[in-house]
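Here's the structure we're looking at; comments come further down.
Please treat every number below as a calculation from the coordinates, not as lab data. Quick caveat, the model's predicted, so the values are computed rather than measured. Positions of Cβ are generated from backbone atoms using ideal geometry, with glycine treated the same way; all protein chains shown enter the neighbour counts.
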Ligand code: NAD
């Protein structure tokens, strides 16, 4: 692989202006251009979305950690290297989740809704609670999971992690293996999903899983929409077998206008931006630059997926 021309695909635009990344990477000894689907003679592409034409380049870097939208088999068959942006979303997503949990516990979402209507209305005596002393079960203990544990640990929550191995993980008070998922979530006030979307995690959260949760528990998904059977989640919320949910990702994005989730009082919806920050361009750029350096020194890529 010889890197002469690196394209920054225009699909990154919703996350940061492509030209900002081109500027940030200007010191790399390669030609850098912002490109559309034509991508004239690029050896590598930095992108948000997938395009069929990427099978022609040598290296594709995803600005997201999740790479479920890329066809791994086709990349492999065409000798295309795929790298991702895992490792940078610990604090950003951790803080977003702390925000969701504080909104529910301290009823801040109600205050905002009431303010829109000019309404002075206090919570019922038994509505508000503290996060301190509550239990959060975090399913997936990678970058996101650890960042969530670190942030929520600072707020006094008990942290329970669910992962495939039973090795302890810094920041978690206890670890359950995935075969004990139902048990792990059964008494938690918050269940937070931070696994990648794979064949093993697709619809991991279905009617039975929601059934295993407490009726007063809140469900948080910042992973991928299809980790959840969305109609089953909607049903659990409508029948009050769950207290509420904070959702950053959905089976269809943007979330369709007619989704019942939009109208639910105890549902917080964010438009797949839990990791957004003004530093995103630099955090991603550092991974690309590191791999540019590694390529020059003949070393293996960081964050290689395919
Ligand atoms: P990561 O690779 O650092 O961590 C993923 C963890 O999940 C790993 O520890 C892995 O072992 C574990 N895992 C994989 N399959 C599992 C299974 N079947 N059961 C239990 N654990 C399993 O990735 P990350 O940076 O933490 O990101 C995780 C996912 O979160 C991404 O794939 C992406 O889909 C999503 N994400 C969303 C946002 C957002 O803005 N909403 C931002 C970043 C990442």
Item to check | Convex hull (Cα only) mean projected area of region 179-306, reported in nm² to one decimal | outcome: 10.0 nm²
Item to check | Overall form of region 164-221 per C-alpha gyration tensor (a/c, 1.5; a/b vs b/c) | outcome: oblate
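Could you estimate the translational diffusion coefficient of region 1-144 from the Stokes-Einstein equation, with Rh from the Kirkwood formula over C-alpha pairs, at 20 °C and 1.002 mPa s, in whole µm²/s? The partial results should precede the final answer.
Numbers: Rh = 18.7 Å.
D, rounded to a whole number, is 115 µm²/s.
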Checklist entry - Scattering from the C-alpha atoms of the chain alone, worked out with Debye: what is log10 I(q)/I(0) at q = 0.13, 0.14 1/Å? => result -0.96, -1.07
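Rounded if a/c is under 1.5, else prolate if a/b beats b/c, else oblate: with a ≥ b ≥ c from the C-alpha gyration tensor eigenvalues square-rooted, which is region 1-71? Write out the running numbers ahead of the final one.
Values: a/c = 1.61, a/b = 1.14, b/c = 1.42.
It comes out oblate by the Cα gyration axes.
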Checklist entry - Okay, helix-only estimate at 222 nm for the chain: each DSSP H run of n ≥ 4 adds -39500 (n - 2.57), divide by all residues, round to 500 deg cm²/dmol; what do you get? => result -8000 deg cm²/dmol
Checklist entry - Please state the relative contact order of region 197-303 as a whole percent: Cα pairs under 8 Å, 6+ residues apart? => result 22 percent
Next on the checklist: Along each principal axis of its Cα atoms, how long is region 213-277 end to end? Whole angstroms, biggest number first, please.
Outcome noted: 33, 24, 21
Next on the checklist: Output the 0 to 90 degree angle, nearest 10, between the alpha-carbon long axis of helix 143-153 and the longest principal axis computed from the alpha carbons of the chain.
Outcome noted: 40 degrees
Next on the checklist: If I fit a long axis through the Cα atoms of helix 280-296 and take the longest principal axis of the Cα atoms of the chain, what angle between them do I get, 0 to 90°, rounded to 10?
Outcome noted: 40 degrees
Checklist entry - What per residue convex hull volume, in Å³, comes out for region 66-143 when only alpha-carbon positions are used? => result 148 Å³
Checklist entry - How large is the Kirkwood hydrodynamic radius of region 33-100, in angstrom, based on all distinct alpha carbon pairs? => result 13.3 Å
Item to check | Rounded if a/c under 1.5, otherwise prolate or oblate - region 177-252, Cα gyration tensor axes | outcome: oblate
Next on the checklist: Using only the alpha-carbon atoms of region 81-236 as identical scatterers, what base-10 log of I(q)/I(0) does the Debye formula give at q = 0.09, 0.10, 0.11, 0.20 Å⁻¹?
Outcome noted: -0.30, -0.37, -0.45, -1.32
Next on the checklist: Taking the beta-carbon count within 10 Å as an exposure proxy, list 264, 39, 103, 213 from fewest neighbours to most.
Outcome noted: 264, 103, 39, 213
Checklist entry - If each Cα of region 240-291 is one equal point scatterer, what is log10 of I(q)/I(0) from the Debye formula at q = 0.19, 0.31 Å⁻¹? => result -0.73, -1.19
